[in-house]
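Before any comments, here is the structure.
Just so it is clear, none of the values below were taken in a lab; they were calculated from the coordinates. As the structure is a computational prediction, the values presented were derived from the model and not from experiment. A quick note on method: Cβ atoms are made from the backbone with ideal geometry, for glycine too, and the neighbour counts reach across all protein chains shown.
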Amino acid sequence: MSPDIGTAAEVATEIILVNEAEKTSHHATGPEAHGHTCANCNTALQGSYCHACGQAAHIHRSLLHLIEELLHGLLHFETKAWRTIPALIFSPGKLTRNYIAGQRTRYVSPLALFLFLIFLMFFVFSLTSNNPLNSISDQPHTKEGISKVLQENKLKLASMQDQRAKLPAGDPKLEDLKENITDLELEITALQSSLSLLTAPDTKKESEKSEPESNRLADIARTIEKKLDGKNVSFSSPQVEKKVRHALKTPELTLYKIKSNASKLSFLLMPISLPFLWLMFIFKRRYGMFDHAVFSLYSLSFMALLLIVAAILNTFSFSMTALLLFIFVPPIHIFRQLRGAYELGTFASLWRTFALLLIATCSLIIYLLLIIVLSA
């Protein structure tokens, strides 16, 4: 190689390096770059992105870019979700095995998917279910219907009171009759409250709605208190008795606490079921607690998705279809996930499927008892 050619090559190389340095300086300079250091971790920048934390050197400060980041985050999740949710439904074993094997970027994290579907499940439940405490009994909602049932109940009450007056003091039927009379009085009170709401002027309905409701709840509290005292119900601990009486006196508040705690503490279903899963594979040492956790989270995610579908079907009067799905789909899904995730044979998958159904039932009972205790 001649000296002239070597010199020209060196000059060209130097020009290229200078251009690259200028580009780097262009991306890393300016008020956003904070003097060639990363705005996040203060590391000296060596390019368009920080090599320590990964943040871009150029920081955007515009509302349009904020919206762009939001859309990017949603589309990025949806891209993963389009791979994860179909795999969760049709090939749960392969999904679990792939995630355990290290294919993490392609799928939504099992914990993130579980939390998202649990939130969506309770949201759908709130839209599709009716609160059973909104009415004490299945009463007609017209003034004529309520008035008719009210008169019938008043006649029944008068007849029961006459029967009670005729019975001697030690008659065993007297206690049952007293309970029936108390229940009927409670129902009459509720009907009178409903009737007063319907017969009141439209301008006063909203202002008078809270008073009958509070009166009805007060009647419920007094009735339950009488039943507890009349039957001499005793508890081993005064604190337990206090909680039980408070929960029974305020059923709507207790139900609200149960619903709130059930959604907040739904993640406890996974650690409750983990010991049982470990026992099922105690002789298969190659599967650890992480593998069981991934299996449990994806399985619970599918059950949440199934309950969402069942709630929607039930809302559109497909109750039988929802019931059939809830009965037959979970065993099939558990069998396929067990066989694919743990690479089991048919018989090994079958007996573990029945065992896992029993485990799921026990875990759900433990979870519900825990929620009730915390909500009382």
Amide H within-cut-off set for Thr37, under 5 Å, with H built and near neighbours excluded: Leu45
³J(HN,Hα) computed for each position of segment 337-348 - Karplus, 6.51 cos²θ - 1.76 cosθ + 1.60, integer Hz, glycine/proline x: 5, 4, 5, x, 6, 9, 6, 9, x, 5, 5, 4
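Within 10 Å, count the other beta carbons around each residue, average over each peptide in 294-301, 362-369, 337-344, 168-175, and list them highest first.
By packing density, highest mean first, the sequence is 294-301, 337-344, 362-369, 168-175.
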Long-range amide H partners of Gln55 with built H, under 5 Å: Cys50
